[in-house]
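Notes to accompany the following structure.
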Amino acid sequence: MGAVFSVPYARLESWPKDLEQVREAGFKLLALTPDEKASAIDDVAPHRLDRVALMLGAEGDGLSRKALAAADEWVRIPMAHGVDSLNVGAAAAVAFYAVATGRPQS
(Lines give C-alpha, C1' and ligand atoms only; values in the text may rest on other atoms or scores of the structure.)
Protein backbone atom coordinates (compact mmCIF):
# COMPACT_ATOMS: atom_id res chain seq x y z
CA MET A 1 0.00 0.00 0.00
CA GLY A 2 1.25 3.45 -0.80
CA ALA A 3 4.05 2.26 -3.10
CA VAL A 4 2.05 3.58 -6.04
CA PHE A 5 2.86 7.09 -4.82
CA SER A 6 6.61 6.49 -5.27
CA VAL A 7 6.44 5.10 -8.83
CA PRO A 8 7.29 7.91 -11.25
CA TYR A 9 4.99 8.21 -14.23
CA ALA A 10 4.30 10.65 -17.03
CA ARG A 11 1.39 11.52 -19.25
CA LEU A 12 2.15 12.56 -22.78
CA GLU A 13 -0.10 14.87 -24.77
CA SER A 14 0.86 13.53 -28.19
CA TRP A 15 1.12 9.75 -28.07
CA PRO A 16 3.41 8.21 -29.21
CA LYS A 17 5.17 11.23 -30.78
CA ASP A 18 6.17 12.70 -27.42
CA LEU A 19 8.06 9.51 -26.52
CA GLU A 20 11.01 11.12 -28.28
CA GLN A 21 11.19 13.62 -25.40
CA VAL A 22 11.41 10.71 -22.96
CA ARG A 23 14.23 9.16 -24.99
CA GLU A 24 16.04 12.51 -25.18
CA ALA A 25 15.86 12.67 -21.36
CA GLY A 26 18.01 9.53 -21.30
CA PHE A 27 15.41 6.80 -20.92
CA LYS A 28 15.40 3.49 -22.78
CA LEU A 29 11.85 2.81 -23.97
CA LEU A 30 10.73 -0.76 -23.29
CA ALA A 31 7.37 -1.76 -24.74
CA LEU A 32 5.66 -4.67 -22.99
CA THR A 33 3.99 -7.02 -25.46
CA PRO A 34 3.24 -10.75 -25.54
CA ASP A 35 4.50 -10.83 -29.14
CA GLU A 36 6.83 -13.79 -29.69
CA LYS A 37 9.36 -11.46 -31.38
CA ALA A 38 9.84 -9.64 -28.06
CA SER A 39 12.81 -10.44 -25.83
CA ALA A 40 12.20 -11.90 -22.39
CA ILE A 41 12.33 -9.03 -19.91
CA ASP A 42 15.04 -10.82 -17.88
CA ASP A 43 17.25 -11.08 -20.99
CA VAL A 44 17.07 -7.33 -21.50
CA ALA A 45 18.10 -6.88 -17.86
CA PRO A 46 16.30 -3.59 -17.25
CA HIS A 47 17.56 -3.58 -13.67
CA ARG A 48 21.01 -2.85 -15.08
CA LEU A 49 19.83 0.19 -17.02
CA ASP A 50 19.99 3.61 -15.38
CA ARG A 51 16.80 4.99 -16.88
CA VAL A 52 13.94 2.87 -18.14
CA ALA A 53 10.50 3.91 -19.33
CA LEU A 54 8.03 1.03 -19.43
CA MET A 55 5.27 1.27 -22.00
CA LEU A 56 2.10 -0.68 -21.19
CA GLY A 57 -0.98 -0.90 -23.35
CA ALA A 58 -4.63 -1.34 -22.61
CA GLU A 59 -5.91 -4.81 -21.85
CA GLY A 60 -7.07 -6.52 -25.00
CA ASP A 61 -5.58 -4.30 -27.70
CA GLY A 62 -2.23 -3.64 -26.02
CA LEU A 63 0.09 -1.00 -27.44
CA SER A 64 -0.63 0.40 -30.87
CA ARG A 65 1.67 -0.40 -33.79
CA LYS A 66 2.89 3.22 -33.69
CA ALA A 67 3.73 2.94 -30.01
CA LEU A 68 5.54 -0.37 -30.56
CA ALA A 69 7.50 1.19 -33.42
CA ALA A 70 8.53 4.08 -31.16
CA ALA A 71 10.02 1.74 -28.53
CA ASP A 72 13.71 0.98 -28.29
CA GLU A 73 12.97 -2.64 -27.53
CA TRP A 74 10.00 -4.97 -27.18
CA VAL A 75 9.97 -7.06 -24.00
CA ARG A 76 7.68 -9.81 -22.79
CA ILE A 77 7.08 -11.55 -19.52
CA PRO A 78 7.72 -15.27 -20.01
CA MET A 79 4.52 -17.24 -19.47
CA ALA A 80 3.60 -20.85 -18.84
CA HIS A 81 2.63 -22.79 -21.94
CA GLY A 82 -0.91 -21.96 -22.99
CA VAL A 83 -1.08 -18.62 -21.16
CA ASP A 84 -1.00 -15.76 -23.64
CA SER A 85 -0.81 -12.70 -21.38
CA LEU A 86 -1.38 -11.09 -18.00
CA ASN A 87 -3.80 -8.28 -17.27
CA VAL A 88 -2.12 -4.89 -17.41
CA GLY A 89 -2.03 -4.46 -13.62
CA ALA A 90 -0.25 -7.76 -13.06
CA ALA A 91 2.09 -7.13 -16.00
CA ALA A 92 2.96 -3.71 -14.60
CA ALA A 93 3.77 -5.20 -11.18
CA VAL A 94 6.06 -7.85 -12.68
CA ALA A 95 7.76 -5.30 -14.96
CA PHE A 96 8.27 -2.82 -12.11
CA TYR A 97 9.86 -5.59 -10.07
CA ALA A 98 12.15 -6.53 -12.97
CA VAL A 99 13.23 -2.91 -13.35
CA ALA A 100 13.83 -2.40 -9.62
CA THR A 101 15.54 -5.70 -8.80
CA GLY A 102 19.24 -5.28 -8.19
CA ARG A 103 19.07 -1.52 -7.81
CA PRO A 104 19.88 0.16 -4.55
CA GLN A 105 16.70 1.49 -2.96
CA SER A 106 16.68 5.16 -2.00
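The values are calculated or read from the model by the stated rules, or taken from the named source; none is laboratory data. Since the structure is predicted, the reported quantities are computational estimates derived from the model, not experimental observations. Quick reminder, even Gly has a Cβ in these numbers, built from the backbone with ideal geometry, and neighbours come from all protein chains shown.
Of the residues making up segment 33-54, those that are out of contact with any Phe, Trp or Tyr (no Cβ under 8 Å at 6 or more places or on another chain) and under 21 Å from VAL88 (Cα atoms) are PRO34, GLU36, ALA40, ILE41, ASP42, ASP43, VAL44, ALA45, PRO46, HIS47. Exactly one residue out of ALA58, ALA25, ALA67 is surrounded by 13 or more Cβ atoms within 10 Å (Cβ to Cβ) and of a type in the set (A, V, I, L, M, F, W, C), and it is ALA67.
For every residue, the table says whether it meets (1) at pLDDT 85 or above; (2) in contact with an Asp or Glu (Cβ under 9 Å, 6 or more places away or on another chain).
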site	(1), (2)
PHE5	no, no
VAL22	yes, no
LEU32	yes, no
MET55	yes, no
LEU68	yes, yes
ASP72	yes, no
GLY82	no, no
VAL94	yes, no
ALA100	no, no
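Only a single criterion out of (1) more than 30 Å from HIS81 (Cα to Cα); (2) within 12 Å of the chain's Cα centre (by Cα) is not satisfied by GLN21, namely (2).
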